[in-house]
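Novice: Quick one: the structure is below, questions incoming.
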């Protein structure tokens, strides 16, 4: 990143450091799943709290609705993420089988595809032919290169179970935070809601800062943007609950 000192960058690009980083290239694979689950969990529960407050429901009702949505929506989201990653991995496996079949049936055509891929990267002459020969002499490397270069597929780090569990855990942990004030006895409804609002805002901001680690965005900008998006979702829920109370007399 631009803010890194030259000495830090040199240390990161030492041969040994590069080797360790490439060998552990999937270490951060779970972070996007955690961010996705955390954002959705916080939005879900605080939206419920906001809607309940806007409708004039009691703290008990808000707490019950919040935890019910937390478990149901968290499980649903985890299953959805599991199925999505599973389908993606099955697609990769299917394309891999096709490429193995193509190599068996038309090896020269597949070799030419490798050649054209590396011509487009600027290779030519003897260097190009050595690259083609090196790749095509290793069947697995040949297939994996086709998956990446021809089909643009991600072939590493696809774990449906891990993605589902990380999403569910993040959803529960972060989503429970806005509900904490409603579990504290003796607080007024207004204090509970304002405390929940502050905690949800903090979670949105921290998650946004965490997103910057994945997408290499400015931390403050990412934090504020996520805070605004989460606040907009909560505001919509609050207005919906308030309108429901005004139009239909909903409330306790």
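None of the figures in this text is laboratory data; all of them are computed from the coordinates on show. What you are looking at is a predicted structure, and each value in this text was computed from that prediction instead of being measured. All Cβ positions, even for glycine, are placed from backbone atoms using ideal geometry, and neighbour counts span all protein chains on display.
Novice: Select from 210, 109, 51 the residue whose mean-square fluctuation is largest in a Gaussian network model of the chain (Cα-Cα springs shorter than 10 Å).
Specialist: 109
Novice: Normalised by the residues of the range 31-248, what does the relative contact order come to in percent, with Cα pairs under 8 Å and at least six apart?
Specialist: Computed over the range 31-248, the figure is 42 percent.
Novice: Output the peptides 156-162, 195-201 sorted from most to least packed, where packing is the average of other Cβ atoms within 10 Å over each peptide's residues.
Specialist: The packing order, highest mean first, is 195-201, 156-162.
Novice: Now a separate question. Could you work out how much longer the chain between residue 148 and residue 240 gets when fully extended? Use 0.36 nm per residue separation minus the Cα distance between them, nm to one decimal.
Specialist: Working it through step by step, the gained length comes to 28.5 nm.
Novice: Also, quick follow-up: Measure nothing fancy, just the Cα-based angle from helix 139-149's long axis to the longest principal axis of the chain, in degrees from 0 to 90, nearest 10.
Specialist: That works out to roughly 50 degrees.
Novice: Another question, then. Quick one: if you take sqrt(5λ) for each eigenvalue of the C-alpha gyration tensor of the range 31-248, what semi-axes come out, biggest first, whole angstrom? Present the calculation step by step, with values, prior to reporting the outcome.
Specialist: Details: eigenvalues 528, 63, 34 Å².
They are 51, 18, 13 Å, listed largest first.
Novice: Expressed as an acute angle from 0 to 90° and rounded to the nearest 10, what is the orientation of the C-alpha long axis of helix 59-105 relative to the principal long axis of the chain?
Specialist: So the inclination is approximately 10 degrees.
Novice: A further question follows. Compute the acute angle (0 to 90°) between the alpha-carbon long axis of helix 107-120 and the principal axis of greatest extent of the alpha-carbon atoms of the chain; round to the nearest 10°.
Specialist: 70
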